[in-house]
Amino acid sequence: MSAPSPIDTPAFFADQHGQYARWRETPGPRPVRNPQGLDYWLVTRHSEARAVLLDPRFSKDPRHARRALSEAGYGVSGADSFFLPLVNSDPPDHTRLRRLVSGAFTPRRVAALRPRVEALTHELLDAAGDQDGPTVDLMPTLAFPLPVLVISELVGVPHGSRGALLKWATRMLTVAGPGAGPAERTRRLHQWFGTLVAAKRFQVRTDLPPDEQPDLLSALVVARDRENRLNDDELVSLLVLLLVAGHETTTGMIGNAVDALLRHPDQLALLRRSPERVSSAVDELLRYEASLSRTTLRVALEDVEVAGTIVPAGSIVSVALAAANRDPENCPEPDRLDVTRERSSYLSFGHGIHFCLGAPLARLQLETVLTVLLDRYAELAPADPGGLQRWRPVGDMRGLLTLPARLVPAVR
C-alpha cells in the first residue's frame, strides 16, 4: 500500500466532492487514513463500487479485522462495540436476520404509512411556524424529528414513550450531545430498547404468528419467544439499527434534498410547475447528495484484485457512495442537479445483499416532505442566500447541521 491520503479532515469536509473527483482520476481503490489512525482502501468509481458491493470475498464482519480496528480505538465486541448483527454480518446469519425485518418494509406496509407521514410533516411544520415565523431552521424542526416519529410508528413504540424517544434521540444522536461517541450511543440505545422489549412482552398476543402482528416490535418479540429465530441481543440490536440507520440517514437525506432545491431555484420552480415530477425527482436528489457518503467497513477475506490493484487479505475496504454517484462514466454532467434527468444507477442505498431495507420508507418520507412543502408554501427560499453550508463532521455521513429557510404560506 502506498502512503495513505488523509480523509475526514477539515479540508476534506470543505471540498468532499472535489476530493472524490480527484481520486476517481486513478482506477482502483485508494489507500486512506482517517483522523483516528485507521488505514483502509476506498473505492470511488461507480463500476468498481458495484463490483465490490457484490463480491462475497469482502466480509461485513469487522471481527476479521479485529487487530487493525482495535489499534485505531474501535471496539468489535462487548460493551464498547459498534457491532450491529444485521449490518455487520455475512450469510447465513445476515440472511436470517434480514428476512425477519423485511416484512416491515413491504410495499403494502410502507404505503399504509403514507397518510401518517403526511400528517406528521404538517404537524411539525405547524409547530415550527407558530414558533419562528417565516424563517425556520428545517433541520431541528422537520428533518431531525420526522424520521424518529415514523420509525416509532413502524416499530410500535407506545405513544407515551415517543416524546421521550424523540428527546433522547435529539440529545444522543447529535454531534453536540452528551455521550456522542459511537460506543456510548450504542450502549444507551441497547438499554432503552431492552427496557421497551421487556415491557412489550406482556402485551403481545403470542397466539398470532409474526406476520400477523400489528407492528415490527411485536413480530420480533414473537419470533424471539415463540419461534426462537433470534436471541435477545439480536432482537435489541435490530431495533437499534432501525433507529440509528433509519434516523441519521433519513434526516440527512431530507436536509440535503431540500437544501439542493433551495440552492437551485430553477429546479425548485420546475417541480412547483410540475408537482407530478416529485417522485422521479427523488432519484436525482438522492444521487446528487447522498446522506450516507460511504458504506460501513468491509474486510477482504483473501487477496482480491480491484481494477488492477491487489487488496491484500485482511485489509479494510469502504465504498464511497457519494463518489460513485458522481462518476461521469455513469452519469453525464454529474455535478449538475437536474430533476428531469433519466434515472441513473445511483448507489445511495447500497447494492447487493446489503441494499438498504428501509429504502422504500426513506423515499416515502422525502417524497412526502417535498410534496407538502411545495403545496403548503408559496415561497421557499434560503434564509441566507449564498450562505455557507455547515456539514456535520462525521466521515461516513453527509448531513447539514442547519438549514434556515424562508417559508411564506400559500393563500388558501
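Across the stretch 75-95, the number of residues qualifying as in contact with a helix residue (DSSP H, G or I) (Cβ under 9 Å, 6 or more places away or on another chain), modelled with pLDDT under 85 and assigned to a helix (DSSP H, G or I) comes to 2. Scanning the stretch 308-320 for residues that are in contact with a helix residue (DSSP H, G or I) (Cβ under 7 Å, 6 or more places away or on another chain) and either under 19 Å from Gln19 (Cβ atoms) or of a type in the set (Lys, Arg) (or both) yields a total of 3. Every condition in (1) in a helix (DSSP H, G or I); (2) in contact with a helix residue (DSSP H, G or I) (Cβ under 9 Å, 6 or more places away or on another chain) holds for Pro27 except the one numbered (1). Leu216 meets all of the listed conditions (1) modelled with pLDDT of 95 or more; (2) of a type outside the set (Gly, Ala, Ser); (3) touching a helix residue (DSSP H, G or I) at 6+ places or on another chain (Cβ under 7 Å); (4) within 19 Å of Pro360 (Cα to Cα) but one, namely (1).
Residue-by-condition table, conditions (1) of a type in the set (D, E, K, R); (2) surrounded by fewer than 22 Cβ atoms within 10 Å (Cβ to Cβ):
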| residue | (1), (2) |
| --- | --- |
| Ala198 | no, yes |
| Gln203 | no, yes |
| Asp215 | yes, yes |
| Ser218 | no, yes |
| Leu230 | no, yes |
| Leu238 | no, no |
| Leu241 | no, yes |
| Thr250 | no, no |
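A search for C-beta distances below 9 Å between a residue of the stretch 41-60 that is over 23 Å from His94 (Cα atoms) and any residue that is part of a loop (DSSP other than H, G, I, E, B) and acidic (Asp, Glu), counting only pairs 6+ apart in sequence or on different chains, returns Thr44/Asp327; Arg45/Asp327; Arg45/Glu329; His46/Asp327; His46/Glu329; Ser47/Asp327; Ser47/Glu329. Counting residues in the stretch 265-281 that are crowded, with 22+ Cβ neighbours inside 10 Å, at pLDDT 80 or above and acidic (Asp, Glu) gives zero. Scanning the stretch 379-412 for residues that are part of a loop (DSSP other than H, G, I, E, B), under 15 Å from His264 (Cα atoms), at pLDDT 85 or above and under 25 Å from the mean Cα position of the chain (by Cα) yields a single hit, Leu403. Cβ-Cβ distances below 8 Å connect the following pairs, each with a first residue in the stretch 1-30 that is of a type in the set (Phe, Trp, Tyr), a second residue that is surrounded by fewer than 15 Cβ atoms within 10 Å (Cβ to Cβ) and in a loop (DSSP other than H, G, I, E, B), and a separation of six or more residues or different chains: Phe13/Pro393. Scanning the stretch 173-213 for residues that are part of a helix (DSSP H, G or I), touching a helix residue (DSSP H, G or I) at 6+ places or on another chain (Cβ under 8 Å) and either at pLDDT 80 or above or closer than 26 Å to Leu113 by Cα (or both) gives Leu189, His190, Trp192, Phe193, Gly194, Leu196, Val197, Lys200, Pro210, Asp211.
Which residue, of Ala405, Ala307, Ala359, Ala313, is surrounded by fewer than 20 Cβ atoms within 10 Å (Cβ to Cβ) and more than 29 Å from Arg66 (Cβ to Cβ)? Checking each option against the conditions leaves just Ala359.
Within the stretch 32-53, the presence of at least one residue that is at pLDDT 90 or above, under 21 Å from the mean Cα position of the chain (by Cα) and under 22 Å from Leu241 (Cα atoms) is confirmed. All of (1) of a type in the set (Asp, Glu); (2) over 22 Å from the mean Cα position of the chain (by Cα); (3) at negative phi hold for Glu367 with one exception: (2).
The values are calculated or read from the model by the stated rules, or taken from the named source; none is laboratory data. Remember, predicted model here, so these are calculated numbers, not experimental data. Cβ sites come from the backbone with ideal geometry, for glycine too, and all protein chains shown count toward neighbours.
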